[in-house]
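The values are calculated or read from the model by the stated rules, or taken from the named source; none is laboratory data. If you're wondering where the values come from, they're calculated on a predicted model, not measured in any experiment. Glycine also receives a Cβ, built like all others from the backbone with ideal geometry; neighbour counts cover every protein chain displayed.
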Amino acid sequence: MANGFSRRQFLYGAGASMLALRAPSVFASAPGNVEESLVTRAIPSSGEQIPAIGMGTWQTFDVDGDAAAMDQRVAVLKAFFDGGGTVVDSSPMYGSSDEVMGYALEALQARQRVFAATKIWTGDESATRRQAETSREKWGIERFDLLQVHNLLGWRGHLETLREMKANGEVRYIGITTSHGRQHADLAGIMESQPLDFVQLTYNLIDREVEDRLLPLARERGIAVLVNRPFRGGALFRRFGGEPLPPWAQDAGCHNWAEFFLKYIISHPAVTCAIQATSKVSHMVQNTGAMTGRLPDEAQRQRMARFVSAG
């Protein structure tokens, strides 16, 4: 870890500045003035609008020690920003992702652009502030926009501290996450009893059980919803990626499979932002493309769900 940090310091002072020079359009409009038609959603607790497609870092940004891979992640993050995205989500669980994100934000001089979200992932309920501060230093930001309790671990103690941190201005929003269906009942109980700004859960065209209770509950309680695993770990692409889109998909605003999978999610009225992850610029361009153009209506959504279920 020490050697990796030394190398990052060197790159910050040399190569990173060159990357920034090669990426002048981070804050500019993407081709076609994406901002004019960008799909955004309001955070219910504040009314603040955020883009409907975010970026995750699990596995994809865990590349510390590989200079070429780190620079490639800079290009991926640049494509995300150029496509209109701002919400980036990470966790201490994700290996070196925090360090690599800090490197990429520095290279792009984009710390003021990002809506920074991470998680508290420790069973030590007294370590909330300490872990948040460690992550903040790695990202190189003044504060996180969103801090979330990861997979309900130690949630009672962590949420108590997070509420204090929010009241003190140390974080803007707080929330809780799960990526396990077996935790849905526990998550519903927390959503019903605790003041939350955000909840993060798994939702995709295969895993749709959250439509029954959790998504309606989020709307009822005024909780923003971040969606993880929108491609079900790539399973949707492995099943359908080699086939042509159904001809009616364009009527739902979909021009590729990434848009098909993502637009289904963000067209649900309870969903605030879907978090996708990739290590390829070309995939990021397709993913952020789901934030532009029309979204499927309810009848089209049902047709999309039937199509995937039949496949």
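Just checking, which of PHE231, PHE237 is surrounded by 14 or more Cβ atoms within 10 Å (Cβ to Cβ), of a type in the set (Phe, Trp, Tyr) and closer than 30 Å to ILE174 by Cβ?
Of PHE231, PHE237, the one residue that is surrounded by 14 or more Cβ atoms within 10 Å (Cβ to Cβ), of a type in the set (Phe, Trp, Tyr) and closer than 30 Å to ILE174 by Cβ is PHE231.
For the range 36-90, which positions are more than 15 Å from the chain's Cα centre (by Cα), closer than 25 Å to HIS268 by Cα, outside any loop (DSSP other than H, G, I, E, B) and charged (D, E, K, R)?
Correct list: GLU36, ASP82.
For the range 99-118: of the residues being in contact (Cβ under 8 Å) with a residue 60 or more places away in the chain and in a loop (DSSP other than H, G, I, E, B), which is nearest to GLY175 (Cα to Cα)?
Here the answer is ARG113.
Which residue out of VAL308, VAL271, VAL281, VAL227 is touching a Ser or Thr at 6+ places or on another chain (Cβ under 8 Å) and at pLDDT 95 or above?
VAL227
Condition check: of a type in the set (A, V, I, L, M, F, W, C), in contact with a Phe, Trp or Tyr (Cβ under 6 Å, 6 or more places away or on another chain) and under 28 Å from ALA42 (Cβ atoms). Does LEU262 satisfy that?
No: the conditions fail for LEU262.
Return the total of residues in the range 132-149 being under 19 Å from TYR203 (Cβ atoms) and part of a helix (DSSP H, G or I).
0
What pairs come up if the first residue lies in the range 126-147 and is acidic (Asp, Glu), the second is modelled with pLDDT of 95 or more and part of a strand (DSSP E or B), and their beta carbons are under 8 Å apart, counting only those six or more places apart or on different chains?
Going by the 8 Å Cβ cut-off, the qualifying pairs are ASP145/PHE115; ASP145/ALA116; ASP145/ALA117; ASP145/VAL171; ASP145/ARG172; ASP145/TYR173.
Consider only pairs whose beta carbons are under 8 Å apart and that are at least six residues apart or on different chains; among these, list those whose first residue lies in the range 35-60 and is free of Cβ contacts under 8 Å to residues at least 24 places away in the same chain and whose second residue is hydroxyl-bearing (Ser, Thr, Tyr) and surrounded by fewer than 19 Cβ atoms within 10 Å (Cβ to Cβ).
So the pair list comes out as GLN49/THR40.
Looking at the range 228-245, I want the residues that are at negative phi and have a partner that is part of a strand (DSSP E or B) and charged (D, E, K, R) with Cβ atoms under 9 Å, at least 6 apart or on another chain. Which pairs are those?
So the pair list comes out as ASN228/ASP89.
Can you work out which of the residues in the range 150-179 that are crowded, with 17+ Cβ neighbours inside 10 Å, out of contact with any Gly (no Cβ under 7 Å at 6 or more places or on another chain) and assigned to a loop (DSSP other than H, G, I, E, B) is modelled with the lowest pLDDT?
By that ranking, first place goes to THR178.
What is the number of the single condition among (1) under 15 Å from the mean Cα position of the chain (by Cα); (2) modelled with pLDDT under 95; (3) more than 22 Å from GLY233 (Cα to Cα) that TYR94 does not meet?
(3)
Quick check on the range 290-297. Is at least one of its residues free of Cβ contacts under 8 Å to residues at least 60 places away in the same chain and among the aliphatic types (A, V, I, L, M)?
Looking through the range 290-297, none of the residues is free of Cβ contacts under 8 Å to residues at least 60 places away in the same chain and among the aliphatic types (A, V, I, L, M).
Would you mind telling me which numbered condition in (1) in contact (Cβ under 8 Å) with a residue 24 or more places away in the chain; (2) surrounded by fewer than 24 Cβ atoms within 10 Å (Cβ to Cβ) LEU262 fails?
Against the list (1) in contact (Cβ under 8 Å) with a residue 24 or more places away in the chain; (2) surrounded by fewer than 24 Cβ atoms within 10 Å (Cβ to Cβ), LEU262 comes up short only on (2).
Taking the range 51-76 on its own, how many of its residues are surrounded by fewer than 23 Cβ atoms within 10 Å (Cβ to Cβ) and among the small types (Gly, Ala, Ser)?
Final tally of qualifying residues: 5.
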